[in-house]
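Written below as structure tokens is the structure these notes are about.
The values are calculated or read from the model by the stated rules, or taken from the named source; none is laboratory data. Everything numeric in this text was worked out from a predicted model, so none of it was measured. Backbone-built Cβ (ideal geometry, glycine too); neighbour counts: all protein chains shown.
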């Protein structure tokens, strides 16, 4: 193993340690914030956690698209791949991780119990956003329907937010309120546990997650350069894993504690965010022409999301293995085709 590879591996390990620590800090602060505000677990997981931890994977494609320069074409390919690759990772690997994290404690056929109306709403809005976003990539750049889709996607996300917040009060009455099980970690430093301290802990944790994700991206990019990988495949497979997966440690922590609504909402809410706002930016700022590889990944994303929707009332670890198999299948496709 060369010193360069050892350095990249060391960077990855350091990033993972930082991410795990910050994920604990983040989930703890978020639970306290949701508890204080009287919010449902659906809002806390699907909106605050999902958007808050989506910052790294939002920044990466935006940076790639806006960087321009001599490598503008390559950067655009990376941006498009990362935008469509993020929902792919969420719908496949992130869900599969919930199965792997709980099969020992719950058994392969043990039930998950996320609040059903919130999960169903998230998935419906994801389909309403992601299908037109992918469809727009099949249209010519000058087609006015592309701009119609780019305009409609942010509007759709606003409608989603309105409906999610509107449902919060009723869900709290039904017993799905956010509850903080442990004291605020910052209070152990003698800072108290007021709103200001809770917000400060949340910001510190989010900053730490961003820093950890940045280190993780650097380490993965370095390794991918050593093994040799095309920019498009990098954007579909490596960048979403490097930027999305670390923050989804929050979902693993929540599901292991039995907080299924928060765990699933963190994933499904991020799918809505990543499947609407980022594609709108991609359509507006790039040629948004999907290649066969991107379309295959998008098709598997929809297949995994459809599987989750069909089985949402009988969710078990074994059911969540199918989405993971979709990701494995795509890797097999890439190896065979390239």
Any helices (runs of 4 or more DSSP H) falling wholly within region 131-234 and containing at least 3 residues that are modelled with pLDDT under 80, surrounded by fewer than 18 Cβ atoms within 10 Å (Cβ to Cβ) and touching a helix residue (DSSP H, G or I) at 6+ places or on another chain (Cβ under 9 Å)
195-227
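Listed here are the residues, each with its yes/no results for (1) at pLDDT below 85; (2) in a helix (DSSP H, G or I); (3) in contact with a helix residue (DSSP H, G or I) (Cβ under 6 Å, 6 or more places away or on another chain).
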site	(1), (2), (3)
273	no, yes, yes
278	no, yes, yes
283	no, yes, yes
305	no, yes, yes
315	no, no, no
319	no, no, no
325	no, yes, no
336	yes, yes, no
Tally time: how many residues in region 101-124 are within 14 Å of residue 257 (Cα to Cα) and assigned to a helix (DSSP H, G or I)?
6
Residue 315 vs. criteria within 15 Å of the chain's Cα centre (by Cα) and within 17 Å of residue 99 (Cα to Cα):
no
